[in-house]
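> I am attaching a structure below and will ask some questions about it afterwards.
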Amino acid sequence: MPIYNLKRISTGEEFEVTMSWNELQETLNVDPDLFQMLSTPKFVTDTKGTLSRAGSDWREHLGRIKDNSGRGNTIKT
């Protein structure tokens, strides 16, 4: 769901809201004291790291690289 930046005109308060585009339009229509600040909407999609997304085959491959890299290597897997 996108995150939008809004500003309350009367107080100058700026804040973020997480809602759909339709909910944002409804909120702006209901409260004329709010307006959407110009920004790129942010999306929260996935919080996994790239290594966990790559799968076990990739981790095994990295382990083989470390094992074959020689004595005194500094590779961390």
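> Work out how much length Asn73 to Thr18 would gain on full extension: take 0.36 nm times their residue separation and subtract the Cα-Cα distance, in nm to one decimal.
Details: separation 55, 0.36 × 55 = 19.80 nm, distance 4.61 nm.
Net length gain for the segment: 15.2 nm.
> How tilted is helix 21-30 with respect to the longest principal axis of the chain? Cα atoms for both, answer in degrees (0 to 90, nearest 10).
30 degrees
> Projected onto the charge dipole of the chain (+1 at Lys/Arg Cβ, -1 at Asp/Glu Cβ, origin at the Cα centre), which of Leu38, Thr11, Leu24 gives the Cα projection farthest towards the positive end?
Ranked along the dipole, the leading option is Leu38.
> Count of lysine pairs in the chain with Cα atoms under 25 Å apart, counting only pairs 8 or more residues apart in sequence or on different chains?
On the way: Lys7/Lys42; Lys48/Lys66; Lys48/Lys76; Lys66/Lys76.
So the count works out to 4.
> How tilted is helix 56-67 with respect to the longest principal axis of the chain? Cα atoms for both, answer in degrees (0 to 90, nearest 10).
Compared with the principal axis, the helix lies near 50 degrees.
Read the figures in this text as sums done on the coordinates, not as results from a lab. All values reported here derive from a predicted model rather than from experimental measurement. Quick reminder, even Gly has a Cβ in these numbers, built from the backbone with ideal geometry, and neighbours come from all protein chains shown.
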